[in-house]
Amino acid sequence: MIKTLLQTDSDYVYSLLRIIAGIIVFPYGMQKLFGWFGAPGFGPPGINVALAQLTARNIPRSIALLIILGQSFGSIALMSGFLGRIAAGGLFIIFTGALIAHLPDGWTLNWYGAKKGEGIEYFVLLLSVLVVIDLKGSGALSIDCWLTR
């Protein structure tokens, strides 16, 4: 079963998508875990504040912790290509939740600061990339590809 999870098309396009997805998600996880990449409006950085913010949205503390760890280590797994399908699947679940949370804000992002929140266009694009990684694997430049040779 592990070989099936690691199996990947040795195509560089999938490597590119995987690495870009990992780079995109990395700041989200590191902001929540360590307070890196400070973003305005997110309050003081770090895991305790991130847990408080997520639980304030009626997300159970255990699920909030899984979100933080999933974004943090899932992005690193994507960038390295280690267990890419599992990482992409976990991040797909996390960002589907984010998409649902942002549905009331409409389609487009808050480019001009006129809306209360951000739209879902970003999440649709990221989820599409994660589906490709889940279906095709980590690509040529990955630990998964190296392990299945």
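Using 1/(1 + (r/R0)^6) with R0 = 25 angstrom and r between the beta carbons of SER10 and VAL131, what's the FRET efficiency to the nearest 0.05? My answer for the efficiency is 0.80.
For ASN58 and ILE86 in the same chain, what is the full-extension length gain: residue separation times 0.36 nm, less their Cα-Cα distance, in nm?
On the way: separation 28, 0.36 × 28 = 10.08 nm, distance 2.62 nm.
Additional length available on full extension: 7.5 nm.
Histogrammed with a bin width of 10 Å, the alpha carbon distances of segment 62-149 distribute as 18, 40, 29, 11, 2, 0 percent, first bin at zero.
The residues of the chain present an accessible area of 58 Å² per residue when probed at 1.4 Å with all protein chains retained. Under the convention that each Lys and Arg Cβ holds +1 and each Asp and Glu Cβ holds -1, the size of the dipole of segment 20-149 around its Cα centre is about 160 debye. In degrees, nearest 10, range 0 to 90: what is the angle between the Cα axis of helix 12-33 and the longest Cα principal axis of the chain? The angle comes out near 40 degrees. When each of the peptides 77-86, 10-19, 47-56 is scored by how many other beta carbons lie within 10 Å of its residues on average, the order from highest to lowest is 77-86, 10-19, 47-56.
Rounded to the nearest 10 degrees, the angle from helix 121-136 to the longest Cα principal axis of the chain is 20 degrees.
Between THR96 and ARG149, the simple label model (points 7 Å from Cα in the Cβ direction) yields a spacing of 3.5 nm.
Which order do you get for LEU66, LEU5 if you rank them by accessible area with a 1.4 Å probe, largest at the top?
Details: LEU66 110, LEU5 55 Å².
These residues rank, largest area first, as LEU66, LEU5.
For the chain, the share of accessible area belonging to carbon and sulfur comes to 71 percent (1.4 Å probe, ligands and nucleic acids excluded).
DSSP loop chymotrypsin sites (Phe, Trp or Tyr not before Pro) in segment 90-149 with at most 10 other Cβ atoms within 10 Å of their Cβ, which ones? Please list the in-between numbers first.
Values: sites: PHE92, PHE95, TRP107, TRP111, TYR112, TYR122, PHE123, TRP146; in loops: TRP107, TRP111, TYR112.
Here the chymotrypsin sites (Phe, Trp or Tyr not before Pro) that fit, given the DSSP loop and packing criteria, are TRP107, TRP111, TYR112.
The values are calculated or read from the model by the stated rules, or taken from the named source; none is laboratory data. Remember, predicted model here, so these are calculated numbers, not experimental data. Methodologically, a virtual Cβ is constructed for each residue, glycine included, from the backbone with ideal geometry; neighbour enumeration extends over all protein chains shown. Side chains included, ligands, DNA and RNA excluded: accessible areas come from the protein's heavy atoms. Shrake-Rupley method; radii C 1.70, N 1.55, O 1.52, S 1.80 Å.
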